[in-house]
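Before anything else, here's the structure in question.
The values are calculated or read from the model by the stated rules, or taken from the named source; none is laboratory data. Quick caveat: nothing in here was measured; it's all calculated off a predicted structure. Methodologically, a virtual Cβ is constructed for each residue, glycine included, from the backbone with ideal geometry; neighbour enumeration extends over all protein chains shown. Note: accessible area is taken over every heavy atom of the protein model, side chains too, but ligands, DNA and RNA are not part of it. Shrake-Rupley method; radii C 1.70, N 1.55, O 1.52, S 1.80 Å.
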Amino acid sequence: MIRRTFILSSAALLTGCSILPERPPLKYYGLDVGEPPLSCIAKRRLKTSIRVNLPRVATPYNSPKIYIKGKDNRFFVTDINRLMAPPNDLIGDALRAWLEKTGPWNTVISPNSLATPVYQLTVYVSDLFADTSSYPKEDFKISMEVSVIRSSDDKLMFHKNYTTITPIKAETMDAVVESYCKGLSAVFVQISTDLNHTFIKN
């Protein structure tokens with residue numbers, strides 16, 4: 001199992017001493033989903049815009065700390081190892097950058113833009129954790145619900161649920177974050193492929 005040293009930091013008092021031991025420095029991680037494969041890039045673009053709204057992430061996963069599911073379905077959070085920002089910010093930024101490269105829309109707008117988009121994309125992340133409950137088979141689970149509405153009449157144009165389970169290759173936080181990133185990338189490939197097929201009519 002991913003050792004508790006990577007999950008919880010120790011802060012035990014020294015016997016007979018009022019000075020706490022030095023706390024190890026925090027280690028921060030970003031999310032790198034890589035470049036989209038050519039197979040999920042739209043062959044042509046719609047001359048319209050879409051706003052990718054800030055994703056909603058289920059409580060308690062929207063935290064810079066990473067949640068880890070252990071035996072008996074108990075959850076722990078990392079302490080020293082953290083993300084550089086909450087997942088909704090990181091996932092939202094990554095998805096907007098991804099759709100700018102893959103399409104099918106010509107313009108991708110951020111949530112705080114004053115521009116009025118033709119479409120709006122919403123994301124709800126219901127699962128976002130490392131699962132070590134079935135050691136030695138450890139993986140990272142991501143479940144995401146994606147919807148696209150037309151702004152003019154709020155008509156639902158697209159709706160689908162996605163889940164990826166990505167193996168964790170080593171008992172380190174580096175390996176956990178690598179699995180996290182690969183899982184996001186796999187979901188993004190599915191999303192962009194489905195959106196292109198839905199909105200680009202041959």
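For the chain, what is the convex hull (Cα atoms) projected area averaged across all directions, in square nanometres?
Value for the chain: 13.9 nm².
Per DSSP H run of at least 4 residues, take -39500 (n - 2.57); add these up for the chain, divide by its residues and hand me the 222 nm value, nearest 500 deg cm²/dmol.
Rounded to the nearest 500, the figure is -7500 deg cm²/dmol.
I'd like the distance separating the alpha-carbon centroids of segment 66-87 and segment 149-202, in whole Å.
Cα centres, segment 66-87 to segment 149-202: 21 Å.
Looking at Pro24, Ser152, Asn81, which one has the Cα that reaches farthest to the positive end of the dipole of the chain (charges on Cβ: Lys, Arg +1; Asp, Glu -1)?
Ser152
Cut-off 10 angstrom, C-alpha nodes, Gaussian network model of the chain. Which of Ser133, Ser63, Ser39 fluctuates the most?
Ser39
Where both partners of a DSSP beta bridge lie in the chain, what percent of those bridges are antiparallel, to the nearest 5?
65 percent
At 1.4 Å probe size, what's the solvent-accessible area of His197? Round to the nearest 10 Å².
Rounded to the nearest 10, that gives 140 Å².
Any idea of the accessible area per residue across the chain, 1.4 Å probe, to the nearest Å²?
54 Å²
With +1 assigned to the C-beta of every Lys and Arg and -1 to the C-beta of every Asp and Glu, and no other charges, what is the dipole magnitude of segment 54-109 about the Cα centre in debye, to the nearest 20? Numbers along the way, then the final one.
On the way: 8 positive and 5 negative charges, 41 e Å.
Roughly 200 debye, rounded to the nearest 20.
Short version: what are the Cα gyration tensor semi-axes of segment 109-202, square root of 5 times each eigenvalue, largest first, in whole Å?
Value: 32, 14, 11 Å, ordered largest first.
OK, next. Where nothing but the Cβ of Lys and Arg (+1) and of Asp and Glu (-1) is charged, how large is the charge dipole of the chain around its Cα centre, in debye to the nearest 20? Intermediate values should be presented prior to the final figure.
Details: 25 positive and 19 negative charges, 90 e Å.
I would put it at about 440 debye.
If I compute solvent accessible area with a 1.4 Å probe over the protein chains, what percent of it on the chain is carbon and sulfur?
Exposed carbon and sulfur together represent 54 percent of the surface.
Here's another thing I want to ask about it. Once you've got the Cα coordinates, tell me which of Lys69/Lys101; Lys101/Lys155; Lys71/Lys155; Lys65/Lys137; Lys43/Lys137; Lys43/Lys169 are over 32 Å apart.
Going by Cα-Cα distance, Lys69/Lys101; Lys71/Lys155; Lys43/Lys137; Lys43/Lys169 fall outside the 32 Å limit.
If ligands, DNA and RNA are left out, what is the accessible area of Tyr67 with a 1.4 Å probe, given in Å² to the nearest 10?
The value for Tyr67 is about 40 Å².
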